[in-house]
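Visitor: The structure under discussion is supplied below as structure tokens; questions concerning it will follow.
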Amino acid sequence: MAAGVPPDALGRRISCGTDFGTVRYVGSVSRTAGIWLGVEWDDPQRGKHDGSYEGTQYFKCRHPKGGSFIRPNKANFGVDFLAAVKDRYGLNDKQDVQYGTENTVIFGTKAVEFVGMDSVAEQQRQLNKLVDISVRECAVSHAGQEEEISRTCANMRHINLSKNLISSWETVTAIASQVQNLQTLNVSENKMRFPSTSTFISNAFSNLKILALNQTEITWTEVLLCAQGWPVLEELYLSSNNISVLERPDTVLQTLKLLDLSDNQLLDGNQLHLIAQLPRLEQLILRNTGISSIHFPDAAFGCKTKMFPSLKRLAINDNKISQWSSINELDKLPSLRALQCNNNPVMGTEKNPETLIQLIIAKISQLEVLNNCEILPAERRGAELDYRKIFGKDWLEAGGHWNPEKNKPSEEFLAAHPRYPELCLKYGAPEEGELKGQQPLTLKNQLLTLTIKCPEKPEQKPVEKKLPESMTIQKVKGLLYRLLKIPGSELKLSYESSKLEGKEVELDNDLKPLQFYSIESGDCVLVRW
């Protein structure tokens, strides 16, 4: 092996300037002198060819222009973990030291901050006290001498190793095995090799609670193999790994509370059934996973599924969900309390965003937070009352009746509105007289331009909003709760008009629309609580 080329160079991760790549070939190239490294670059724009030169294929690339040859002296093969820590935290005594401000030591051009440290010797003694260490982008590629980490950094608990030059999970294990009580580990943005068969299970991760493996090219099969060594893991981050197919984790990940599968294009929504029995899973992040539907086939309308028994928080934003039936299915989750569902086609089915929010609230009975906004009791009551009224005609036409003996709504209606019977029990069945003269839900409404003021908070600037004249007072209150970030208290609304010469009119009936009170554009709504 040529000077400057490690004996294990093949398959190693390298950097060259700001570019990262993997060594796929070490050796000579026809009609040139000396040793070359054939590199497959992470960014194909950095490459020139597919690993072939003058008709000879020296190595293979995923991208037809993803590879090139470089001289070994251009490649950075990285440093060991401890060298990176000393450099990052200014504890490398080979460097020239000068003192800056009171708590800052400057090494060359690098300023490193210390709190209450007076000398280089004292700083070196502090290395053993470091608990939370970040060596992100420090070109870490290997563990270093055996036991050196455990002798030097005995108290580390949290390590950030993201975006380095780590080539294999074996290297991660070699570092972690020297940290006695490792609880948090981030090795994201390291394209590395993982075990493909069940091997010796290290106890290096026996206390690990949080693990980030984003952008590491790990597969779900490899996750399950490695997870045998994560007996108490609670949070696992796996975004951007091209994971498309899941398998049942029958004996592993049983302590998991959070799983992030964002930015992996899952084959379909049924893949979720394979992880649905994780007993302690409380938070599932499925942002941009390509799913178009959600279904829990084990539970009928109005019943709870046995899947995801502990799931409290679900994120399905940026997906392809287009049918309200998938939103209906979420009501089957027994523990669901918080949902993020923005940027799905189903969200474009209603022109009025307030109506959209109300429909979701009414369809999912236990929801307390929607798209990061708290759902207050008054807002839920208003949403459910509106839902009951809006679909009342459909219910009557489908065989619904206020008399329980005659109430036989069709299966089609119950499939579209599984909570409707529950809402009738809660608020009473709607009667024909109550539904007369009702405007269609999607009718384009006349917009009113109103100024919103809070007399009790003069420091709060007035806000101008455009609201449909058919919007009920209840919906206006729901909007103002979120707009003004008012804690859970009962809002009192009134309005002033230039035509009324200083007289206030109370908006006291939650079920009446704005137009009932003869509000016009330019009027001012006053908010008190």
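The values are calculated or read from the model by the stated rules, or taken from the named source; none is laboratory data. Remember, predicted model here, so these are calculated numbers, not experimental data. Heads up, the Cβs are rebuilt from the backbone with ideal geometry, glycines too, and the neighbour counts pull from every protein chain shown. Note: accessible area is taken over every heavy atom of the protein model, side chains too, but ligands, DNA and RNA are not part of it. Shrake-Rupley method; radii C 1.70, N 1.55, O 1.52, S 1.80 Å.
Visitor: Among the aspartates and glutamates, which have Cα under 20 Å from the Cα of K60 when same-chain residues fewer than 8 positions away are ignored?
Guide: Cross-link targets: D8, D19, E40, D42, D43, D50, E217.
Visitor: I would also like to ask the following. How much net charge surrounds L514 when only the other residues with a Cβ under 10 Å from the Cβ of L514 are counted, with Lys and Arg +1 and Asp and Glu -1?
Guide: It works out to a net charge of -1.
Visitor: Roughly what angle does helix 473-484 make with the longest principal axis of the chain, taking Cα atoms, 0 to 90 degrees, to the nearest 10?
Guide: The angle comes out at about 30 degrees.
Visitor: Between the range 382-398 and the range 180-250, what's the alpha-carbon centroid distance in Å?
Guide: Cα centroid to Cα centroid, the span is 48 Å.
Visitor: Hey, another quick one. May I ask you to give the solvent-accessible area per residue for the range 447-528, in square angstrom, as obtained with a 1.4 angstrom probe?
Guide: Solvent-accessible surface per residue comes out at 55 Å².
Visitor: Where in the range 475-522 are there GluC sites (Glu not before Pro) that are in a DSSP coil and have at most 13 other Cβ atoms within 10 angstrom of their Cβ?
Guide: When the GluC sites (Glu not before Pro) of the range 475-522 are filtered for loop state and at most 13 Cβ neighbours within 10 Å, E490, E501 remain.
Visitor: While we're looking at this one, here's another question. What is the local net charge at E368, summed over the other residues whose Cβ is closer than 15 Å to its Cβ (Lys, Arg +1; Asp, Glu -1)?
Guide: Taking every Cβ under 15 Å from that of E368, the sum is +2.
Visitor: Can you match Rg/Rh (Cα atoms, Kirkwood Rh) to one of these, (1) 1.14; (2) 1.10; (3) 1.21, based on a calculation from the structure here?
Guide: Working out Rg/Rh (Cα atoms, Kirkwood Rh) from the coordinates points to (2).
Visitor: If all Cα-Cα distances of the range 379-427 are sorted into 10 Å bins from 0 onward, what percent lands in each bin, rounded to whole numbers?
Guide: The percentages, shortest bin first, are 26, 61, 13, 0.
Visitor: Relative contact order for the chain: what percent, with Cα pairs under 8 Å and sequence separation of 6 or more?
Guide: Dividing the mean separation by the residue count of the chain yields 6 percent.
Visitor: Pairs K257/K426; K332/K389; K304/K389: which are spaced more than 31 Å apart, C-alpha to C-alpha?
Guide: The pairs that break the limit, which is 31 Å between Cα atoms, are K257/K426.
Visitor: Does a label point 7 Å from the Cα of T184, set along Cα-to-beta-carbon, have any residues of the range 138-156 with amide nitrogen under 17 Å, and which are they?
Guide: Once the point is set 7 Å along Cα→Cβ of T184, 155-156 turn out to lie under 17 Å by backbone N, inside the range 138-156.
Visitor: What fraction of the DSSP beta bridges in the chain is antiparallel, stated in percent and rounded to the nearest 5?
Guide: Antiparallel bridges make up about 55 percent of those DSSP assigns within the chain.
Visitor: Find the percent of Cα-Cα distances in the range 12-74 that exceed 13 Å, and round it to a whole number.
Guide: Distances greater than 13 Å cover 56 percent of the Cα pairs.
Visitor: Shifting gears a bit: Could you tell me what percent of the accessible area of the chain is made up of carbon and sulfur, with a 1.4 Å probe and every protein chain present?
Guide: 49
Visitor: Write down, largest first, the equivalent ellipsoid semi-axes of the range 447-528 in whole Å, where each equals the square root of 5 times an eigenvalue of the alpha-carbon gyration tensor.
Guide: 18, 15, 12
Visitor: Can you return the lysines within cross-link range of K503? Criterion is Cα-Cα under 18 Å, with same-chain partners fewer than 8 residues away left out.
Guide: K453, K492
Visitor: Okay, next question. What does the charge count near L258 come to, summing +1 for each Lys or Arg and -1 for each Asp or Glu among other residues with Cβ under 15 Å from its Cβ?
Guide: +3
Visitor: Can you give the calculated 222 nm mean residue ellipticity of the chain, where each DSSP H run of n ≥ 4 adds -39,500 (n - 2.57) and the sum is split over every residue, rounded to the nearest 500 deg cm²/dmol?
Guide: One gets -5000 deg cm²/dmol as the mean residue ellipticity at 222 nm.
Visitor: Running Debye on the range 190-229 with equal point scatterers at the Cα sites and no solvent, what base-10 log of I(q)/I(0) appears at q = 0.17, 0.27, 0.34, 0.36 Å⁻¹?
Guide: For the requested q values the scattering log ratios are -0.46, -1.11, -1.27, -1.27.
Visitor: Taking only protein heavy atoms and a 1.4 Å probe, what accessible area per residue, in Å², does the range 379-427 have with all protein chains in place?
Guide: Spelled out: the 1.4 Å probe surface of the range 379-427, per residue, equals 55 Å².
Visitor: Along the principal axes of its C-alpha atoms, what lengths does the range 177-261 span, in descending order and rounded to whole Å?
Guide: Each principal axis gives a Cα extent; for the range 177-261 these are 34, 27, 25 Å.
Visitor: Return the whole-Å distance between the Cα centroid of the range 6-63 and the Cα centroid of the range 310-374.
Guide: With the range 6-63 and the range 310-374 each reduced to a Cα centre, they are spaced 48 Å.
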